[in-house]
Structures are given as C-alpha cells and as structure tokens.
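This report refers to the structure that appears directly beneath it.
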Amino acid sequence: MFYVIGLGLCDEKDITVRGLEAVKSCSRVYLEAYTSILMVNKDRLEAFYGKSLILADRDMVELESDDILRDAATENVAFLVVGDPFGATTHTDLLLRARDLQIPTQIIHNASIINAVGCSGLQLYNFGQTVSLVFFTDTWKPDSFYDRIAENAKLGLHTLVLLDIKVKEQSEENLARGRKIYEPPRYMSIRIAVNQLLEIESIRKEGILDGDSTLAIALSRVGSIPSGEESTDDDHGTQRIVAGTLSDLQVQPEFVFGKPLHSLIIAGKRLHELEAIYAGAFAVNKENWNRIAKQTS
C-alpha cells in the first residue's frame, strides 16, 4: 500500500490514530518538506512515530517519484504531508503515478489551513477561491491572484491568501552555474504580503484592495495554542489572529503577527454580523473595524 497521510497543522501529536498506525506499518516513510512545515523538527516526529523519516524535497517528489513508489505494490510506503494530503497538486500527481503503476493507495485526511481558517470567526461557506501569493522580484510580479480576489469580492466572498515559503531554493547565479548551494529558508510575512497586495492595487486601480476600506485578518501558526492561553512548549510559538484594514495591518510591527507560517484573509463585502463581531475581537483598531464592518454587512 502507498499511503498519503496528513499530519495536521502543529506538531507530532496532530497525526490521526489511523495515520499513526499506518506509519508504524511502513518500511519507508517520506516527509514532504517544501509546500509547508510543521512547528517541530524532524527528530520530534521520528521519536513519536518510532520511524526514520526521509525528507522529500521538490526535486525528489517531481523527478524521483518512481523511487518513492518503489516496492509499494508489495510493502507499505508512506508519504507524509503537512495539513491535508490534497493541499498541493504535487500530491495528486504522485497518486496518479501510483495508479498508473497499479499500486494500491490510501489517503488519510487531517486538518489543514483550508478548514482551520474558521478560527478567524469567518464562516467557511462564505469563502471563495483560495489564492497563493509569491515573493515578488525586481523583474517578476505576477498578479493573477488579483483577478481571483476580484471574482470573490464581486460575490461578497472571503479570500484565503496563502503566503509563499522558500525552502531549498537556489540563487539565480548558483542555478546558472549548476552549484547545489541553497539559500536560507524564507517565509513571507504579513507586512510583505500586504505591501505586495497594495502594490498590485496601485497598478490595477480597480478598488478591490483599497488599503483604508478592505478588511483583512492575519493568521499565524494556526493549530497551536492560541495566544493568551497556557502553553508549556516554546517550540510551537502561539496562534495569533490580528484583524484590521490592509492599511492597519501594514503599519503593525512584525512581532504583532507572531512567528511563521502566516496566512491572510481578505474579508468579503457581505460580512455577516456574527462574523464581524467575532473577528472584531482581534482588531487592532476596533472602532475602525466596526465602522467599516457595518458598511459591508
């Protein structure tokens, strides 16, 4: 059997009982290590699972899938994914390859940011298309996300914005020279995300992401102990939720948003009263939040 197992959002204990039983039955266990990260290191996972883990970077998954699937028709092999197995299209491709090889597969689901985003107080069925925001460069500033946010906005729906992470990336020079030298990991912050969103708005000028009237909610380390509640594990950091207009969020110090990973919600224009009240508890400027929320609800 080839298992694709969701690990949840926080630490080694977020795996399901079914997922843990499957891991313990496997001869090889791969840990996907580029679409997201857990809040604990690989050693903690290995100690809890009782298995050695093989780190699977993007190159391995995309170029060496046959090796990952090797012998999976006659023994158990697991591929571990942070969040839920279907959070990234790469994992679907791996399952299609297994199907072509007539290898039995089993998916074991878990919590992901797609459903845990409800911690913001916004109702899940009021979300539209999810978008990804990548790091801009001097020469590359893709703006296709803007159209998806606009489509959601026209329907009054919220947009979950997944922020870029760079793990095991090469500089252009090292890539050109064929040198296997990798840059330090980078995780997009809320302030960088907001700056990029407003930069594209200044170019497109469609009023979809107006800094002073667009409500947004920043999320950090969703799934860990919420800020203000008792936590005895410094490795996890704490879950943080910060709400405000895009302009409100833009001027907040970085520490306000907590440690990565971060996500951002662009609130829809038909904000329900209960959504506005719940999320308003996290607002940096409650008076401003309530005033704008009343105009949209």
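Excluding S25 itself, calculate the net charge of residues whose Cβ lies under 13 Å from the Cβ of S25, where each Lys or Arg counts +1 and each Asp or Glu counts -1. Provide the component values of the computation, followed by the final result.
Details: positive: R18, K24, R28, K51; negative: E21, E75.
Net local charge, S25 excluded: +2.
When every Cα-Cα distance of segment 42-97 is counted in 5 angstrom steps from zero, the calculated P(r) takes the values 4, 16, 26, 26, 20, 8, 0 percent.
Name the residue farthest towards the positive end of the dipole of segment 30-98 from the options L94, L45, L69, assuming +1 on Cβ of Lys and Arg, -1 on Cβ of Asp and Glu, about the Cα centre. The Cα lying farthest towards the positive end belongs to L45. Here the scattering of segment 1-143 is modelled by Debye summation over its C-alpha atoms, one equal scatterer each and no solvent; at q = 0.19, 0.20, 0.22 Å⁻¹ the log10 of I(q)/I(0) is -1.13, -1.22, -1.38. Relative to the 2.2 N^0.38 Å rule of thumb, segment 73-230 has a C-alpha radius of gyration ratio of 1.27. Could you work out how far the C-alpha centroid of segment 253-297 sits from that of segment 151-168, in angstrom? One Cα centre to the other: 15 Å.
Its relative contact order, with pairs defined as Cα atoms under 8 Å and 6+ residues apart, puts segment 18-104 at 38 percent. Relative contact order of segment 91-157: 23 percent, from C-alpha pairs under 8 Å at least 6 residues apart in sequence.
For segment 178-297, the pair-distance distribution built from all alpha carbon pairs, in bins 10 Å wide starting at 0, is 13, 39, 31, 12, 4, 1 percent. Structural descriptor for the chain: relative contact order 18 percent, calculated from alpha carbon pairs under 8 angstrom and at least 6 residues apart. For the chain, the membrane-span-like helices by this rule, meaning whole DSSP H stretches whose C-alpha atoms cover at least 20 Å of axis and whose Kyte-Doolittle mean is -1.0 or above, are 190-204; this says nothing about an actual membrane.
Just how large is the dipole of the chain about the Cα centre, in debye to the nearest 20, putting +1 at every Lys and Arg Cβ and -1 at every Asp and Glu Cβ?
Numbers: 31 positive and 42 negative charges, 77 e Å.
Charge dipole of the chain: 380 debye, to the nearest 20.
Summed over qualifying helices (DSSP H, 4 residues or more, each -39500 (n - 2.57)) and divided by its residue number, the chain shows a 222 nm mean residue ellipticity of -9000 deg cm²/dmol. Beta bridges per DSSP, both residues in the chain: antiparallel share near 45 percent. Normalised by 2.2 N^0.38 Å, where N is the number of residues, the alpha-carbon radius of gyration of segment 103-161 equals 1.48.
Have a look at L55, G121, L274 and report the one farthest towards the positive end of the charge dipole of the chain, computed about the Cα centre with Cβ charges (Lys/Arg +1, Asp/Glu -1). Projecting each Cα onto the dipole axis, the largest value belongs to L274. For the chain, carbon and sulfur atoms together expose 50% of the accessible surface, with a 1.4 angstrom probe and every protein chain in place. For segment 1-153, the solvent-accessible area with a 1.4 angstrom probe is 48 square angstrom per residue.
Taking loop as defined by DSSP and a crowding limit of 15 other beta carbons within 10 Å, which GluC sites (Glu not before Pro) in segment 16-114 fit? Hits after loop and neighbour filter: E64, E75. Quick one: in the chain, what % of C-alpha pairs are over 27 Å apart? In whole percent, the share of Cα-Cα pairs in the chain beyond 27 Å is 46.
Each listed q (0.11, 0.24 Å⁻¹) maps to a log10 I(q)/I(0) for segment 115-206, found by the Debye formula over equal Cα scatterers with no solvent: -0.43, -1.27.
The values are calculated or read from the model by the stated rules, or taken from the named source; none is laboratory data. The structure presented is a predicted model; accordingly, all values stated were derived computationally and were not measured. FYI the Cβ positions are ideal-geometry reconstructions off the backbone, even for glycines, and counts take in every protein chain you see. All accessible areas refer to the heavy atoms of the entire protein, side chains included, with ligands and DNA or RNA removed. Shrake-Rupley method; radii C 1.70, N 1.55, O 1.52, S 1.80 Å.
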